[in-house]
Amino acid sequence: MSLFPPATCPRLIVKIGSALLVDPDGGVRRAWLEGIAADIAERRRAGQQVAVVSSGAIALGARRLGLTKGGRASLEDAQAAAAVGQIALSQVWAEVLAAEGLTAAQMLVTLDDLEDRRRYLNAAATLDRLLGLGVVPVLNENDSVATEEIRFGDNDRLAARVAQAAGAQGVVLLSDVDGLYDRNPALAGAVHVARVERIDGAIEAMADRGSASGMGSGGMVSKIAAARIANAAGAHLAIASGRIANPLSKAARHTLFVAERSAPARKAWLAGGLTAKGAIHVDIGAAGALAKGNSLLAAGATRIEGAFARGDLVTVVGPDGAVLARGLAEYDAAEAARIVGMRTSALADILGYAPRGALVHRNHMAVL
């Protein structure tokens, strides 16, 4: 087994893109899927717990409903196609896994399920119990109720968030590409990148937004975003080609994004958050203080953006526009705006009450 062997990766999340699971005519590539089920069964026998994040519901539903553009011509079409296709998708997964002696479970989640802390913990507990019982959870975004404003938009980032919730050590994104290239792989001279130790601006510049099949919604940009989330939670992530039979058991070419360390669970959840109610912009001095693990004080803030309440997730943005951290606001936006740039000693007079020590406390903040 070339990627994430059970001995070093007790829990693995496998994401399968639409182009691998569904053929261009909208039918299930059943023989290929049976090979994946066999791979999962082999890993289960070796002691590894596996959960699957499976795309394909919209593509399957679009065929059955006769919708154009793969069911993505409008949000309403996508929601209808997902509602029809999800039944077919869950059925085929149950059948191919049962043929290998495995029990499948379906979990449909929305962005809010993993962004709200209490719902996130509920989802994590369900995943943990299912995996402990030897079940193979098959997850997908609940596209039939998701909206453009409140959705993951691609299953790459969903897979990374699921890995975080499940406490997985590895994520495999099976796709129609075999990893990251230094430019669009369709261009002459493109060089494959086998290993990424740190995701920086140079790595992000290599990403191509296109999806080669035209069927999925996640290009290389979303895969790198997923790698950031997974790595922040201490999970390694691999982008590998699924254009071969039994891709989990063969030494296929891939790109591995290496996790430096595992963050505490709460900070990993904060770091992986995809939505924020606002932003606090800071000066260069505050940016340096954050890098040393300090809280964000009002004195280092330069302006407030958005309408957030105390306890909402906000981003901390540096003077160059880069997001430095994510954390929970200690003040609402209106109060925060009143004390921007002020020293702690002056806050009581401005607010009329004993102030809290920071705009964002270090215990409730994840530096990126």
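The values are calculated or read from the model by the stated rules, or taken from the named source; none is laboratory data. Predicted model only: the values in this text are computed from it and were never measured. Here Cβ is always computed from backbone atoms with ideal geometry, including for glycine, and neighbour counts include all displayed protein chains. Accessible surface is based on the protein model in full, side chains and every heavy atom, while ligands, DNA and RNA are left aside. Shrake-Rupley method; radii C 1.70, N 1.55, O 1.52, S 1.80 Å.
What ranking of ILE16, ILE244, ILE199 comes out by heavy-atom accessible area, probe 1.4 Å, highest first?
The residues order as ILE244, ILE199, ILE16, largest area first.
So which DSSP H runs in the chain come out at 20 Å plus along the axis (Cα) with average Kyte-Doolittle of at least 0.0?
Span-like helices here: 75-98.
Less than 14 Å apart at the alpha-carbon level, and either on another chain or at least 8 residues along: which aspartates and glutamates does that give for LYS250?
LYS250 reaches ASP39, GLU42, ASP178.
Quick check: Cα centre of the stretch 44-78 to Cα centre of the stretch 79-141, how many Å?
13 Å
List the lysines whose Cα lies under 26 Å from the Cα of LYS277, skipping any in the same chain that are fewer than 8 positions away.
Counting by Cα, and skipping residues close in sequence, LYS277 has these lysines nearby: LYS223, LYS267, LYS292.
Quick check on packing: order 126-132, 105-111 by the mean number of other C-beta atoms within 10 Å, highest mean leading.
Packing proxy ranking, top to bottom: 105-111, 126-132.
Helix-only mean residue ellipticity at 222 nm, the chain, DSSP H runs n ≥ 4 weighted -39,500 (n - 2.57), per residue, nearest 500. What is it?
Per the formula, -10500 deg cm²/dmol.
Provide the per residue accessible area, probe 1.4 Å, for the stretch 219-358, rounded to a whole number of square angstrom.
44 Å²
Non-local amide H neighbours of LYS250 (under 5 Å, H modeled in plane, Pro and chain starts lacking H): which ones?
Placed amide hydrogens put SER2 under 5 Å from LYS250.
Using 0.36 nm times the number of residues separating ARG183 and ARG356, minus their current alpha carbon distance, what extension gain do you get?
That works out to 57.5 nm of additional length.
Taking 0.36 nm per residue of separation and subtracting the Cα-Cα distance, what length does fully extending LYS250 through ALA205 add?
Gain in length upon complete extension: 13.2 nm.
As an exercise, use a Förster radius of 51 Å and the Cβ-Cβ distance of ARG243 and THR344 to find the FRET efficiency, rounded to the nearest 0.05.
For R0 = 51 Å, the calculated efficiency reads 0.30.
Rounded to the nearest 10 Å², what accessible area does ARG119 have for a 1.4 Å probe in the complete protein model?
Surface accessible to solvent at ARG119 totals approximately 100 Å².
When the solvent-accessible surface of protein heavy atoms is calculated with a 1.4 angstrom probe, in what order do VAL317, VAL323 fall, highest first?
VAL323, VAL317
Could you compute the net charge surrounding GLY341? Neighbours are other residues with a C-beta less than 13 Å from the C-beta of GLY341; K and R count +1, D and E count -1.
+2
Counting other Cβ atoms within 10 Å, which trypsin sites (Lys or Arg not before Pro) in the stretch 268-368 have at most 10 and lie in a DSSP loop?
Of the trypsin sites (Lys or Arg not before Pro), the ones in loops of the stretch 268-368 whose Cβ has at most 10 other Cβ atoms within 10 Å are LYS292, ARG343.
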